[in-house]
Every structure is written in C-alpha cells, then in structure tokens.
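Remarks on the structure that follows.
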Amino acid sequence: MRLPLNLRIALSSLAAHKLRAVLAMLGVFLGALAFTGVQNISQMMVRQAEIETEKLGPNLYAVVAGKVRFRRSGGARISTYHRNFTVSDVRALMAGVPSLMDATPFIVNAMPVRGGGEATTARVTAAWENFSQIRSFGPDIGRFFTAEEVQDADKVVVLGRKIAKRLFGTPEAAMGKMVFIFRAGFRVIGIMEAKGRDISGDDQDEILLMPLTTYMRRASNQDWVDGAFITLADSADRQVVDGAVESILRKRHRIGPGEEDDFDTLTARDTIQLQQQALDLMQTLGGIASGVSFAVGGLGILSIMVLVVRSRRVEIGIRRAVGGKQGDIVRQFLFEAAVMSGVGGSAGVLVSVGAAALVARFGDFPFIADPFVVGGTLVSSFLLGIAAGAYPAWQAARIQILDVLK
C-alpha cells in the first residue's frame, strides 16, 4: 500500500505546482528529444544508404578518367575528366586483373533531348549491353539494347522513367516513339525501372541510355570514354585490385614516378563510409548536446526539489509526528523527482519518434525507432530523476520534528 500512496502524494504535489513541474521537466525533455532524435534519424540515413548500395550491387567497382571528390552528403563527383581513357584500357584491365569479372566502359554527358512535342535535358549514358547486369538496373517496360545493336551502332535508346514521363506523359506512351538529340533521331525500345540516385548522387530516373558505339560514332565522334563500371569477384581484395589497376593504367598512360594518377577508383561502399563518418560526427555532437540538456534537466530537478523540501517542512514534520518514517519521506521525494524526470523523458522520446516518422514519410527514408535507444533513454530519464532527488530526499528525512513544531 505504501507505493501507491507515495506515488499519489507525488502526483498531487506536482499537479498543485504545474508550472514548476513543467520547468523542471523541460531539460530532461530536450535531452531525450535530442538523443533519441539524432540516433534514430542517423540510423535511418545509414539504412537508406545501405539500401541504395544494395540496389547498385555490393560488388560494383568503378574506374573513372579523373579524380573523385566526395561530398559530405555521401555523394561523389568527378572533378576533371581526362580524354585518354579508352575502350582498350578497359579490355587491358579485364585481361590483367583476374578479380574483375565483367565490365562496361561508359560515357556520361548532359544533352538536350526532344520528343513528343516536349524538350528537356537528360543525362545521356552510353555503355555496352551488359550495363544492365553490372549496375543491377534493368528495363521495366520493353527491353535493353543487345550486343548486335552495340556492334552495329544502332540508333536505339532506353529512357529513365522521369524522362519518359516528361516527354510523352506516361512511360508506356514513350515505347516505340522517336526522340531527338540535336538532329539525330533515336527509337525508344525500353523504359528503365525506378531507381533513384546512384553513387555519384545523380538521379538515374533522369537517364537516357544508348549503345556506346552509337554515341561515339553518331552523337559525339570521340574515341575516349569517361570510365568503366566493373563487377568484382566475391573474394576480391580491394587493395590488391586497386594496386593492379593502378599498375596497368599508369603504364598504359605513361605516368612517370611521382606524377599524379589521371584516374581514380571507387565503390559504392566508399560513399557509405564517408557518409558514416559524417553521421558519426552528428551522433557525437547530438550526444554532447543531449548530455548537456540532461545535466541541465537534472540540476533543474535538484534545485526545484530543494525548494520543495524547504517549503514543505511543516508537512514533513506533521507526517513524522503521526508516525511517518524517514524511509517514507525519502521515497516520497524520490518518487516526485523520478516522476518529473520520467514524464519529461517520455515526452521527449514520443516527440522524437514522431519526428522520425515524419522524416521517413516525407524524406523517403525507412522508418527506424531503435528499441534499445528508446528504452535506454526512458530508463536513463528515471534514473536521472532518482539521482537528482536523492540529496533533497535525504535533506527531508533529516528534518527534526521538534524543529518544525517550534
């Protein structure tokens, strides 16, 4: 019976001084909100990046004719493309590095595209027929171009969903139609599945794919490529592969000792690692901020409880005079401190979970509410209240009955 009685006394005391109780809870509320919010949202971002990596294929490896520069958001961009990377280089890599299973050279260029009475700018990507398998990215409607079409430099294209919808209204309506790049006409043979962004941060639904030979002979008249997408063997050692690729390309490009490479390599995992570093920093800063808020909340509860004890000396003395024990007094004030801290922490957790749900819904992230983070925050909030209320409870228990009666 003592536990419910002490709890009722604590709740009635808090209800009688609502503003004081809310101010005491505020610090704990902000601490719980900051900690659980940062942890859950950062986990959602990491999971989203992992999903995008899985879409690209865990064994995707890229060699590019330039230097890769990473953004803090986790994307990557090529600072300067060099014009000395050729299809022969890609064939030499495949012949000289056993861990490379399949490869396609590629060219990427933003170009104006017309079709269906509309005009837009598309990210034209030219590659071999195995691009679809290497990038784990295939057509949802129609088909991809074939090896024969690559060999014959046929004027066929496969459109990303957003490009097809922008030009023809719906992806289905684009099938079999003609699109024009400058004055050259190309027949649409397929519409790619919805994919989202790739490791460079580009939206693949804004893509237009064509055979590499078609682009090099009919659209641009060039003999170099921007790089190669490669599939690594499951047992491949990244450092060994990088070393072999570097040795072959430096020799073929006649790069002397001490000179900087004119190429770079990356995998989807590279961007994930950089993003993870940024998120680790965010989690650290969030932990510091939440720790400060918890500390402020604990001090607030401590100061409030000290004032409460001083203002309720008569009540404490009367309870002692009618048979109340010191343990009862201690438990009563510990309950009050724990309830304030626990309610503040619970409110912070609820708001943070709601915020994570909104981010997941409107930011297209997978929703994550880590039960260990949520549960740990709630337990920590209650323990913080008990720790903050320990000294005031001890003070209340030491009040002498005769001192109060005088």
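The values are calculated or read from the model by the stated rules, or taken from the named source; none is laboratory data. This is a predicted model, so every value here is computed, not measured. Here the Cβ is made from the backbone with ideal geometry for all residues, glycine too, and neighbour counts use every protein chain on show.
Yes or no, residue by residue, for (1) modelled with pLDDT under 75; (2) under 30 Å from Gly196 (Cβ atoms); (3) in the same structural domain as Gly196 (by TED's automatic domain parsing); (4) touching a helix residue (DSSP H, G or I) at 6+ places or on another chain (Cβ under 6 Å):
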{"residue": "Gly300", "(1), (2), (3), (4)": "no, no, no, yes"}
{"residue": "Leu307", "(1), (2), (3), (4)": "no, no, no, no"}
{"residue": "Gly323", "(1), (2), (3), (4)": "yes, no, no, no"}
{"residue": "Ile329", "(1), (2), (3), (4)": "no, no, no, yes"}
{"residue": "Asp364", "(1), (2), (3), (4)": "yes, yes, no, no"}
{"residue": "Val373", "(1), (2), (3), (4)": "no, yes, no, yes"}
{"residue": "Ser381", "(1), (2), (3), (4)": "no, no, no, yes"}
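Of all residues in the range 232-280, those that are touching a helix residue (DSSP H, G or I) at 6+ places or on another chain (Cβ under 7 Å) and modelled with pLDDT under 75 total 6.
The set of residues in the range 140-150 that are among the small types (Gly, Ala, Ser) and part of a strand (DSSP E or B) contains only Gly142. From the list Arg197, Arg123, the one residue that fits, being at pLDDT below 95, out of contact with any His (no Cβ under 7 Å at 6 or more places or on another chain) and under 22 Å from Ala219 (Cβ atoms), is Arg123. Whenever a residue of the range 58-73 is at pLDDT below 60, its partners that are polar (S, T, N, Q), lying with C-beta atoms within less than 8 angstrom and at least six residues away or across chains, give the pairs Phe70/Thr271; Ser73/Gln275. Highlighted here would be helices (runs of 4 or more DSSP H) found entirely within the range 151-270 that include at least 1 residues which are buried (at least 20 other Cβ atoms within 10 Å of the Cβ) and not assigned by TED's automatic domain parsing to the domain that holds Glu118, but there are none. Being modelled with pLDDT under 80 and either surrounded by fewer than 18 Cβ atoms within 10 Å (Cβ to Cβ) or under 30 Å from Asn40 (Cα atoms) (or both) is a property that Arg319 lacks.
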